[in-house]
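Reading through the structure tokens given below for one structure.
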Amino acid sequence: MDYAVSERPPPGGDARTSSAKIVIAGGFGAGKTTTIGAVSDIPPLRTEARLTTASLGVDDLTHVGQKSTTTVAMDFGRVALADDLVLYLFGTPGQDRFWFMWDDLVRGAIGAVVVVDTRRLADCFAPVDYFEARGLPFVVAVNTFDGHSPHTTDEVRQALGLDPTVPVLLCDARRRTDVVPVLISVVEHALLVHCRGTGP
């Protein structure tokens, strides 16, 4: 499993800080940029471009009609989950025409979060297939948007055909208090997979 350990001497002693890379993926408009923005301890790096008429007939705006921008390269954020654990978050672009960048974005990651919009569930199959094919541990975060989900986590698990060991959580991507447990879950899941020797 890839991770980094850096020295960060506090007053009166030494401490070791571990850092890890987590990928935030999902379909177009699922809430990836919002997820990173909700928890990042630093101003997140965003590569947003305005949607124009050139995307008509290319980008499906069903259920995301108010969306005016899209990620064209990646999002980046940093969050300290504890004094000795820092996560670096890399958000993928959602449209399939940007998938050629995914291999570079995923390199070195210990795990991933697939953000799911149940109104556009079909958009999640490609990210799930991608991580399964590469053996990268991932969790599924069902974005509740308006505070509730019309589907249970078991229903989402069944619809996506997920392995029983893959965690599925409800999450309002706008709320730090919802996103932090998702990040903890992916770290724990990645550690379990690594300890079992079934990961990359």
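The values are calculated or read from the model by the stated rules, or taken from the named source; none is laboratory data. Remember, it's a predicted structure, so these values are computed and weren't measured experimentally. Note that we place each Cβ from the backbone using ideal geometry, even for glycine, and neighbour counts take in every protein chain shown. Each accessible area value is taken on the protein alone, full model and side chains, heavy atoms only, with ligands, DNA and RNA left out. Shrake-Rupley method; radii C 1.70, N 1.55, O 1.52, S 1.80 Å.
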- Query: Which of the residues that make up region 19-50 are at pLDDT below 95 and open to solvent by 40 Å² or more (accessible area, probe 1.4 Å)?
  - Reply: 34, 43, 44, 45, 46, 48, 50
- Query: Does residue 117 fit the bill of being under 22 Å from residue 87 (Cβ atoms) and of a type in the set (D, E, K, R)?
  - Reply: no
- Query: Is there a residue in region 52-62 that is modelled with pLDDT under 95, farther than 23 Å from residue 137 by Cα and within 19 Å of the chain's Cα centre (by Cα)?
  - Reply: no
- Can you tell me which residues in region 120-141 are closer than 17 Å to residue 186 by Cα, surrounded by 15 or more Cβ atoms within 10 Å (Cβ to Cβ) and not hydrophobic (A, V, I, L, M, F, W, C)? 127, 130, 134, 137
- Return yes or no: is residue 199 at pLDDT 95 or above and in contact with a helix residue (DSSP H, G or I) (Cβ under 9 Å, 6 or more places away or on another chain)? no
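Has region 144-153 got at least one residue that is under 14 Å from the mean Cα position of the chain (by Cα) and either assigned to a strand (DSSP E or B) or surrounded by 17 or more Cβ atoms within 10 Å (Cβ to Cβ) (or both)? Break it down stepwise before answering.
Of region 144-153, the ones under 14 Å from the mean Cα position of the chain (by Cα) are none.
No, region 144-153 contains no residue that is under 14 Å from the mean Cα position of the chain (by Cα) and either assigned to a strand (DSSP E or B) or surrounded by 17 or more Cβ atoms within 10 Å (Cβ to Cβ) (or both).
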- Among (1) out of contact with any helix residue (DSSP H, G or I) (no Cβ under 7 Å at 6 or more places or on another chain); (2) at pLDDT 85 or above; (3) surrounded by 13 or more Cβ atoms within 10 Å (Cβ to Cβ); (4) outside any strand (DSSP E or B) - the single one residue 103 does not satisfy: (3)
